[in-house]
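The values are calculated or read from the model by the stated rules, or taken from the named source; none is laboratory data. Note that this is a predicted model, so its numbers are computed, not measured. With ideal geometry, Cβ positions are generated from the backbone for all residues, glycine too; neighbour counts draw on all protein chains shown. When the accessible area is computed, the model is the full protein with side chains, heavy atoms only, and any ligands, DNA or RNA have been set aside. Shrake-Rupley method; radii C 1.70, N 1.55, O 1.52, S 1.80 Å.
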Amino acid sequence: MTAIIAMRFHHLAGRVWLCPGDPDPEAVQAGVAVVADERGSVLIDAGQSPAHAREIRAALDAAGLPPPRWLVYTHHHWDHVWGACAWPGVEIVGHVTGGELLRAEAARPWSHRYLREQVRANPRLAPSFRARAFAVDSWDDFAVLPPTRTFTDEEELPVGVRLRHVGGAHAPDSTVVLVPDSGVMLLGDCYYPPPAHLREPADGLDVALLRRLLDEDYRWYVSSHGDAMTLEQARAEIDGA
């Protein structure tokens, strides 16, 4: 029998703490980060579902970290935003393109029946939509929430957290989150290939984008579905791609 490991936040550097997602790629569960600040913390991504978000909140409380005042979307994909409805009272910040896409997503009649219908119409959606069906146990209070505050190129929150739109093949609204005083850059999925149902055989990691992002002022680079990398490890990722 597989043991269930409780979610935990681990300190990375400075004000940045990480809560990893599920290492099983079939779970499609992104990790999240928090920039802890007594003036109000910044949560980076919402969790893949309300249930996941509740587990993240419990881990946040267990670590004694201040509750979030802001929720930043690194991009609009479901495993990063579907938990937002379980974070009441936070300001949701995201790129303007993601806002448009999420308004369209919010209008869709999400349910297990709808997921099955969509997979029958397009079998390439099966891995993602099966993971969604497993992640959401009830649709009664579920809602897809677009950002309440949008930006175009760059934005800075009052606690010194900077947001930079980078786009890319994975998602047009991909945003990196910079925490200069901690030397940490949170990458989301920005340099990943397109989502599986849109991916072509030649698609791979966008190493050119990652190379442009590397900066001597940032010691740590964190993607949503991988381990934190030092600057040297990120360079090795580029060289090995």
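What the table below lists for this structure:
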{"read-out": "Carbon and sulfur %, accessible surface of segment 48-185 computed with the full protein complex present, 1.4 Å", "value": "50"}
{"read-out": "Alpha carbon Rg of segment 1-76, scaled by the compact-globule rule 2.2 N^0.38 Å", "value": "1.08"}
{"read-out": "Relative contact order (%) - criterion: Cα under 8 Å, at least six apart; region: segment 126-214", "value": "16"}
{"read-out": "Solution diffusion estimate, µm²/s, Stokes-Einstein, segment 141-208, Kirkwood Rh from C-alpha pairs, 37 °C, viscosity 0.692 mPa s", "value": "238"}
{"read-out": "Debye log10 I(q)/I(0) for segment 39-90, one point scatterer per Cα, at q = 0.16 Å⁻¹", "value": "-0.39"}
{"read-out": "For segment 39-153, accessible area per residue (1.4 Å probe, heavy atoms of protein chains only), Å²", "value": "46"}
{"read-out": "Charge tally in the Cβ shell below 14 Å around Val136, where Lys, Arg are +1 and Asp, Glu are -1, Val136 excluded", "value": "0"}
{"read-out": "Computed over the chain: relative contact order in percent, which uses C-alpha pairs under 8 Å that are six or more apart", "value": "16"}
{"read-out": "Choice from Ala126, Ala53, Ala84 showing the highest fluctuation, given a GNM over the chain with Cα pairs closer than 10 Å", "value": "Ala126"}
{"read-out": "Neighbourhood charge, 15 Å Cβ-Cβ cut-off, centred on Arg149 and excluding it, Lys, Arg +1 and Asp, Glu -1", "value": "-4"}
{"read-out": "Segment 1-72, relative contact order in percent, only Cα pairs under 8 angstrom and at least six apart counted", "value": "28"}
{"read-out": "Check: the chain dipole with +1 on Lys, Arg Cβ and -1 on Asp, Glu Cβ, in debye", "value": "580"}
{"read-out": "Loop GluC sites (Glu not before Pro), segment 137-178 (other Cβ atoms within 10 Å of the site Cβ: 10 or fewer; DSSP)", "value": "none"}
{"read-out": "Where only alpha carbons of segment 117-237 are counted, the Rg and the Dmax (Å)", "value": "16.9, 49"}
{"read-out": "Around Glu216: net Lys/Arg minus Asp/Glu count, Cβ-Cβ under 14 Å", "value": "+1"}
{"read-out": "Of every Cα-Cα pair in the chain, the percent that sits beyond 31 Å", "value": "18"}
{"read-out": "Per-q log10 I(q)/I(0), segment 60-141, q = 0.11, 0.23, 0.26 Å⁻¹ (Debye; single scatterer per alpha-carbon; no solvent)", "value": "-0.37, -1.23, -1.36"}
